[in-house]
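Structure, as structure tokens:
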Amino acid sequence: MAGNIPLNELGEFLRKRRSELSPRTVGLPETGGPRRVAGLRREEVAQLASISTDYYTRLEQGRMQASAPVLDILARVLHLDDDQRDYLFQLAGRTTARPRRRGRQTVQPQLQRVLDDLTATPALVQGRRGDILAWNALAAALVTDFSRIPEKHRNYPRILFVDPAMRTLYTDWTTSARTAVAQLRMEAAKYPDDPRLIALVGELSLRDKQFAQWWGEHQVAARTIGTKTLDHPVVGELVL
């Protein structure tokens with residue numbers, strides 16, 4: 001039985017950290033109804049980490065070991081600092097080497113000047129995960145004022161699903177949204193360990209049933225060229 005003590009402590013540590021977080025902390029909508037447990041529910045942590053609720057429940061109950069990749073994802077979902085993350089790995093008997101971080105994507109000033117010079121064409125630049133990296137004034141007027149969105153939430157698929165205005169702006173929102181999900185699936189194949197992508201998929205899966213359904217269909221698509229029809233509240237129909 002002594003060999004189970006670290007796993008029991010791991011489960012207790014996960015429960016304590018889960019109880020300290022609110023849905024708002026991790027970007028989930030507040031339902032307003034009473035919650036039977038303090039903090040996040042088990043199923044919410046599991047979905048944010050893209051693992052099954054049964055798998056996460058077994059971890060909290062001290063009934064199984066977790067792999068290093070799962071521990072790393074849970075550390076990010078539960079907002080652990082470096083010391084807490086090291087402690088989590090020690091309890092699980094795993095190495096505490098920090099994962100290699102990909103550099104933050106930015107655009108060079110020259111490219112931003114090119115965007116700004118396009119006074120008759122809306123234009124924006126997307127990076128990994130569909131992050132909005134740069135845009136010009138017409139793009140902001142056409143879609144939304146990206147500068148008013150916190151940088152960590154400035155993501156095209158997220159905006160499509162979270163901002164209600166997008167469902168009326170895009171005349172065929174369903175097709176646009178399904179395409180965005182399929183492109184995100186393609187991105188996940190390239191960067192399966194990307195913690196921000198994992199967190200994004202977990203958040204949108206909890207917030208939107210359609211996203212969860214389409215993500216589960218495993219459809220993929222590459223970014224190429226195409227046409228979108230918008231119903232802009234000021235200028236009316238636009239075909240781009």
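The values are calculated or read from the model by the stated rules, or taken from the named source; none is laboratory data. Predicted model only: the values in this text are computed from it and were never measured. FYI the Cβ positions are ideal-geometry reconstructions off the backbone, even for glycines, and counts take in every protein chain you see. We work out accessible area using only protein heavy atoms, side chains counted, and drop any ligands, DNA or RNA first. Shrake-Rupley method; radii C 1.70, N 1.55, O 1.52, S 1.80 Å.
List of remarks:
- Condition check for GLN84: of a type outside the set (Lys, Arg), touching a Lys or Arg at 6+ places or on another chain (Cβ under 9 Å) and either open to solvent by 80 Å² or more (accessible area, probe 1.4 Å) or closer than 27 Å to THR53 by Cα (or both): yes
- Criterion (modelled with pLDDT under 95, of a type in the set (A, V, I, L, M) and either loosely packed, with under 12 Cβ neighbours inside 10 Å or in contact with a Pro (Cβ under 7 Å, 6 or more places away or on another chain) (or both)) met by exactly one of ALA189, ALA165: ALA189
- Count - residues of the stretch 123-140 that are over 13 Å from ARG154 (Cβ atoms) and surrounded by fewer than 18 Cβ atoms within 10 Å (Cβ to Cβ): 3
- Selection within the stretch 206-228 - open to solvent by less than 80 Å² (accessible area, probe 1.4 Å) and of a type in the set (A, V, I, L, M, F, W, C): LEU206, PHE211, ALA212, TRP214, TRP215, ALA221, ALA222
- Counted residues, the stretch 19-68 - those being more than 16 Å from the chain's Cα centre (by Cα) and either open to solvent by less than 20 Å² (accessible area, probe 1.4 Å) or at pLDDT 80 or above (or both): 26
- Checked across the stretch 94-110, the condition of being part of a helix (DSSP H, G or I), modelled with pLDDT under 95 and surrounded by 14 or more Cβ atoms within 10 Å (Cβ to Cβ) holds for no residue.
- Test: ASP231 is touching a strand residue (DSSP E or B) at 6+ places or on another chain (Cβ under 8 Å), over 13 Å from PRO157 (Cα atoms) and either charged (D, E, K, R) or open to solvent by 40 Å² or more (accessible area, probe 1.4 Å) (or both): yes
- Filtered residue count, the stretch 50-91, keeping only those that are closer than 28 Å to LEU204 by Cβ, assigned to a helix (DSSP H, G or I) and among the aliphatic types (A, V, I, L, M): 9
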